[in-house]
Structure formats: C-alpha cells, structure tokens
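This report refers to the structure that appears directly beneath it.
The values are calculated or read from the model by the stated rules, or taken from the named source; none is laboratory data. Please read all numbers here as calculations on a predicted model, not as lab measurements. Side chains are part of the model used for accessible areas, which takes the heavy atoms of the whole protein and leaves out ligands, DNA and RNA. Shrake-Rupley method; radii C 1.70, N 1.55, O 1.52, S 1.80 Å.
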Amino acid sequence: MGREIRTISISRVLAALVGGGIVAAVLLALGVQRESTVTTVVEDVHSGPSGSVGLTAQQIYVRDAPGVVFVTAKVVEDASSPFDPFPTQQSGSQTGSGIVIARNGTILTNAHVIDGAVKITVEFAGGDTVAATVIGKDPDDDLALLKVDPASRHLDVLALGNSSTVEVGDPTVAIGNPFDLQRTLTTGVVSALQREITAPNGFTVGNVIQTDAPINPGNSGGPLINAEGQVIGINSQIETNGSDGNVGIGFAIPINTAKFVIPQLERYGKVTEGYLGVGTLSVTPSFASLHLGSSYGALVETVVHGSPAAKAGLRPSNQSSPVTLADGITQVAVGGDIIVSLDGKPIASNAALEAAIIHERPGQTVMLGIVRGRRHLTLPLTVATRPESLPSSG
C-alpha cells in the first residue's frame, strides 16, 4: 500500500485492496490562501432502502443542510530547512465538513480534517462561527468528534441511518463544502459496497460505501445521506485514477462504524480496538483456479513481526499467482494461511475478520480456525491493542 504526496496544497494518495484489486484513493487537501494551508476533501454520498419512496433532493437539502457545518482547523507546520539554525514555522488552515449529531453540541467529522490543528472553528448555515474543541479522535477509522457550546446557537441535528441496509443502486445525496462553497449538494447512487480504503495512519477501513455523487476538496467529513434524509456514511476519500480531480468514484465510511466508536470517543477520547497484525485478502470465487483449500475466508498475505498473529504462528503468503478478475488479470499472493473462523463463527472475508477482531477486548484469547494447505487447524491467539500507526510486516 503506497502513499504519494502531491502539492495542491497537500494530497495524500492511499492504495487500498478492493475486491482483489488495487484502488488508489485520495484525501484531497485544498490550499486556502495558504501561508501553510491545508484543506481536506472527501466524497459525499446518500442512499435509501431499495424500493422505498424517499424524499426529493430538494427536500433533503432543506431538512439536512442546516446540520452540515464548515470546519476550519488552524495548523502550524515546521518550515525549517535541515541546515537552518533558526526554527521556522508556517501557519495556515485546513477546511472540511462536519455533521451535527446531538443537541449537546457534538459534531462528527474526519480525523484528517483536524489533524495537527491548534485551533478549530465551526461555521453554521447562518454564517455564525463558534469555537470547537476535540472530544476524541479515531485515526484508524479516520473519525473525530468535536464539541461546540450548545447554548451558542440553535442546533439542527441530522438523523443517523443504518448503513447495513444500504444496497447498490440506492440514491445518494452529498452535502458539504467543496472548494469552500458551503453547503453544496450533489446527487448520485451507491455504486458499490464492501470496499476498503486505507486510513492516513495505514490501517484498513472496511465495509466502505462507494458512490458516484460528485465530491471535491472540502467535502471531507460531510454526510452521505439516503433517500430518507438519514446519514449513512461520512465522506472520506475519492479515487482519482491519476487525475487531479473527481472521476466519479468516492468512498464514505459507514455510519455504523461511527456508531460503534462514538461512545468510546465520548468517554475516553480514543478508541481501543483489537489487533491481530496481519494483512489479508478476501478469498472469492475468482480464486477457484488457485485451489486454495477454501472458497471463502481471509487469506493471510503479510504478518507483522512481533504481532499477536506472529506469536500465534500464522503463516504469510510466500508466492504469487495470476488470477482473472472482472477488470483483468492480477497477481495474488498465495501460500499463506486462510482464516475461516473466529471462536467458531465463520469469517467470510477480510472485512468480516476486521469487523470481528476490533470488537474483541485486548488481552482476550480467541480461537482462530485456519486452512493451511489441505489441513484445518485451530490456533489460540491473544488479541492486542491496535498501535497508533501500522507497523511494518516481517
């Protein structure tokens, strides 16, 4: 998974495994009168239950736009050269979007929108701007909670939906602040599900919603809304395919992921999640020609040195084989263990493995069912706490 830094002001390019292929996703940073200015961008999407009679885009906008805020984070960067005897700093701002989720002043956004901030302000639909503080951050899922004084103004709260009911083809609406054009609405559909993206700290975010609703720099942290006007995702990244702008593929972190981490952020300011220390790939029917020994599960590609997975004896892939996918032939690392169950419950994919393990308490021992060649084995593994950044694989 590679990262490429480009200058718009700052662009982070993240490669994520998606359905057996590699997808490059971008968090766009927009320079706003940059002395050292950074602005984050994400794609907005909305979808509603298939077959339901939903609201029009105009109705959704009237109801939900007041609950979408414009987030500005003042940042200070070290601009010193390696040979400069006097430290030099540059200040600037990075901007994005946020979602009012409670009348007590809680606002949900992306962690990368406020990364490195020394001061944060939130502007509402009426143009009034108030100071915001950070309740907590979850860099692994690229989520953050802010707090504003609830007595400072009337707060319009957006309803949170259920991202597990989203289906491909559902209509979507994105409301955000692209290029600082506040509360801009775009429309589209859910174009795919179960995508994966890479958070800025290197960890994989699973069950991501893909949309074709146009988004641009400044949409990061804004809502992905369904036809009933409910938030089903937080727009976070876009695919650029080497271009400088949106090509009609954006990614939103599912709202159910946010629902899981919000209570921990409110109580502790951070999220404690279980950690295995493996890089995996979903086994799909496309892999039938490889004769892996299982038609489902999470194929272990890499194992982090010293991790719980390494201590448990999980084996990584050691060779590469070609596989024909819908978008052509790709090389897949094979030869590693395939995780097919956790504590007796089936693991159908790498996304299912991640969803299961993050709910396990650090220090708890779980039983991993694996396929190694033609053998079915059970390995005990003691779950650890996720590190702040992704360690290198051994």
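Report the full-extension gain for the segment K311 to Q90: residue separation times 0.36 nm, less the Cα-Cα distance, to one decimal in nm. Display every interim value, and only then the final one.
On the way: separation 221, 0.36 × 221 = 79.56 nm, distance 4.46 nm.
My answer for the length gained is 75.1 nm.
Figure the gain on full extension for N201 and T165 (residue separation times 0.36 nm, minus the Cα-Cα span) and round it to one decimal in nm.
Using 0.36 nm per residue and subtracting the Cα-Cα distance, I get 10.1 nm.
Average accessible surface for the range 130-222: 34 Å² per residue, computed with a 1.4 Å probe over protein heavy atoms with every protein chain in place.
Could you look at the range 82-213 and say what percent of its accessible area is carbon and sulfur, using a 1.4 Å probe and all protein chains? Can you show the working numbers first?
Working: 2830 of 5270 Å².
Whole-percent figure for carbon plus sulfur exposure: 54.
Ordered from largest to smallest accessible area (heavy atoms of protein chains, 1.4 Å probe), the residues L181, L292, L276 come out as L181, L292, L276. Accessible surface for the range 250-324, divided over its residues, is 44 Å² per residue with a 1.4 Å probe. I234 contributes an accessible area of around 0 Å² to the protein surface, as traced by a 1.4 Å probe with all chains present. Sorted largest first by accessible area at a 1.4 angstrom probe radius, with every protein chain in place, the residues E273, E266, E301 fall in the order E266, E301, E273. Every pair of different Cα atoms in the range 163-260 enters the Kirkwood calculation, which places the hydrodynamic radius at 13.2 Å. In straight-distance terms, cross-link reach from K259 covers every one of the lysines whose alpha-carbon lies under 28 Å from its own, apart from those fewer than eight places away in the same chain; here that gives K74, K119, K137, K147, K270, K345.
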